[in-house]
Amino acid sequence: MPSPDVYWLALRRVKGVGPRTCRLLIDKFGSPEKIFQLNADEIGAAGVPRNTARSIVEFRDFDPLEKELCELPNIGARLIKWTDDDYPANLRQIADPPPFLFVRGPATLTDPNCIAIVGARAASDIGRRMAQRLGLELAAKGFTVVSGLARGIDGEAHQGALDAHGITVAVLGCGVDVIYPPEHRQLADAIIAGGGALISELPIGTQPLAENFPTRNRILSGLCLGVVIVEAAEKSGSLITARMALEQDRQVFAVPGSPLTGKTRGSNRLLKEGAKLVECVEDVIEELAPQMIKRPPESAAPTVSSVPQETENVKSPPVLPTPAIVNAPDLAPDSAGAILNYLTDTERLHVDSIIESSGLNAQTVLRLLLELELEGRITQHPGKLFSLA
């Protein structure tokens with residue numbers, strides 16, 4: 001007799017059963033295990049095509065799926081199902097949520113305050129720097145940074161979040177045990193070690209085929225309150241993510257670029273069509289502030305969402321606090337002064353040395369360094385080295 005979780009994998013592997021059909025059946029019957037106990041007429045009565053209903057009834061290939069589940073702990077992964085409390089609340093709201101996710105890493109995925117940063121793989125130096133800056137600043141303010149682990153903008157966004165010692169999640173177009181591109185293996189390991197996660201709806205071992213990525217993008221945008229596009233050509237895959245975000249009623253942001261380069265024609269077109277212009281992290285936060293869940297009193301336990309239940313086994317996800325730093329008072333000016341006093345215009349100091357000497361925590365130092373750089377008072381050099389401007 002297959003274990004209950006095997007039926008979840010089995011339902012998705014049946015020919016003709018996509019995410020929308022999965023949701024339809026689970027809404028109607030409560031669990032995949034019950035669905036596989038029905039006959040074709042009962043399944044068809046829920047609105048499923050006759051051929052698909054027959055394929056569900058005739059499915060018997062459970063043993064490989066049992067082995068797949070047994071392999072998950074060996075790669076540090078787990079299965080999160082649509083009916084579980086820790087299934088992402090934002091993702092549950094989209095029209096075609098994946099019935100389950102493979103998750104590799106400690107991140108709980110219950111933070112609703114996620115923001116995606118995506119863009120060109122062949123990004124310019126300016127685009128890379130902007131993506132890293134946005135990732136760092138958002139993570140420093142308590143947001144979860146979501147991206148796709150791709151070359152260019154995605155990788156820089158993840159790295160920025162890691163530099164702020166924040167949480168970042170990579171949504172893959174392959175199995176969670178397959179790292180693509182291969183040169184991002186160290187980055188993937190750092191995401192997991194930093195408390196984040198690699199996630200995918202695809203079976204372990206699935207290779208990064210081109211057809212996997214457009215459907216992957218709906219998860220990337222669905223997890224988030226908004227999507228920031230940093231450099232996108234006219235036919236960029238990032239524009240697919242932007243379109244899906246709009247369909248999911250998510251906010252779309254774009255960083256403007258020079259009209260003299262083809263790298264930004266897609267993102268500039270998004271701005272013409274109504275995307276919100278982003279020049280700094282505050283542009284993102286101010287736009288999303290009305291959507292963000294209010295922070296409960298410190299002594300109060302998290303309240304429970306009042307989302308109507310679609311099955312008797314589904315529990316509403318908890319309402320989580322808004323990132324605390326978003327509405328925090330400005331940092332004391334002498335904190336910035338301490339950093340300025342330590343830097344010189346002739347010697348380049350590593351960020352770790354600045355953190356150690358300042359006596360401030362890493363997130364505060366990184367935030368101050370960015371503010372000082374934006375003000376033109378300090379200069380960042382390759383290798384996370386800083387000096388007075």
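Of note:
- Compared with the rule-of-thumb size 2.2 N^0.38 Å for a compact globular protein, the chain has a Cα radius of gyration ratio of 1.06.
- Between GLU201, GLU371, GLU137, the residue with the greatest mean-square fluctuation in the GNM of the chain (Cα pairs under 10 Å linked by springs) is GLU371.
- For the residue pairs LYS276/LYS384; LYS263/LYS384; LYS34/LYS67; LYS28/LYS81, the C-alpha atoms sit more than 23 angstrom apart in LYS276/LYS384; LYS263/LYS384.
- Where Rh is the Kirkwood radius over Cα pairs, Rg/Rh for region 209-251: 0.95
- Local charge for GLY257 was computed over the other residues whose Cβ lies under 12 Å away, with Lys and Arg +1 and Asp and Glu -1, and equals +1.
- Most mobile of ASP189, ASP345, ASP27 in a GNM of the chain (Cα contacts under 10 Å): ASP345
- Net charge contributed by nearby residues that have their C-beta within less than 13 Å of ARG216 (K/R +1, D/E -1): -3
- Degrees between helix 125-140 axis and first principal axis of the chain (Cα, 0 to 90, nearest 10): 80
- Per residue, the convex hull spanned by the Cα atoms of region 1-129 measures out at 154 cubic angstrom.
- Taking only the Cα atoms of region 147-273, the ratio Rg/Rh comes out at 0.96, with Rh defined as the Kirkwood radius.
- Reference-scaled alpha-carbon Rg (2.2 N^0.38 Å with N residues) for region 9-50: 1.00
- For VAL145, net neighbour charge (Lys/Arg +1, Asp/Glu -1) across residues whose Cβ lies under 13 Å away: -3
- At most 16 other Cβ within 10 Å, DSSP loop - trypsin sites (Lys or Arg not before Pro), region 227-272: LYS235
- Residue-averaged [θ]222 nm for the chain, counting only DSSP H segments that reach four residues, each worth -39500 (n - 2.57): -11500 deg cm²/dmol
- Of every Cα-Cα pair in region 70-204, the percent that sits beyond 25 Å: 21
- Working ranking of peptides 82-95, 160-173 by packing, defined as the average number of other Cβ atoms within 10 Å per residue, highest first, is 160-173, 82-95.
- Rounded to 5, percent antiparallel among DSSP beta bridges of the chain: 40
- Angle of helix 4-13 to the longest C-alpha principal axis of the chain, folded into 0 to 90 degrees and rounded to 10: 90°.
- Highest-fluctuation residue, VAL103, VAL14, VAL145 considered, GNM on the chain with Cα pairs under 10 Å: VAL14
- For region 40-93: rounded, prolate or oblate by the Cα gyration tensor [a/c cutoff 1.5]: oblate
FYI, it's all coordinate maths here, none of it is from the lab. Here the structure is a predicted model, which is why all the values come from computation and not from measurement. Please note: Cβ atoms are built from the backbone with ideal geometry, for glycine as well, and neighbour counts cover all protein chains shown.
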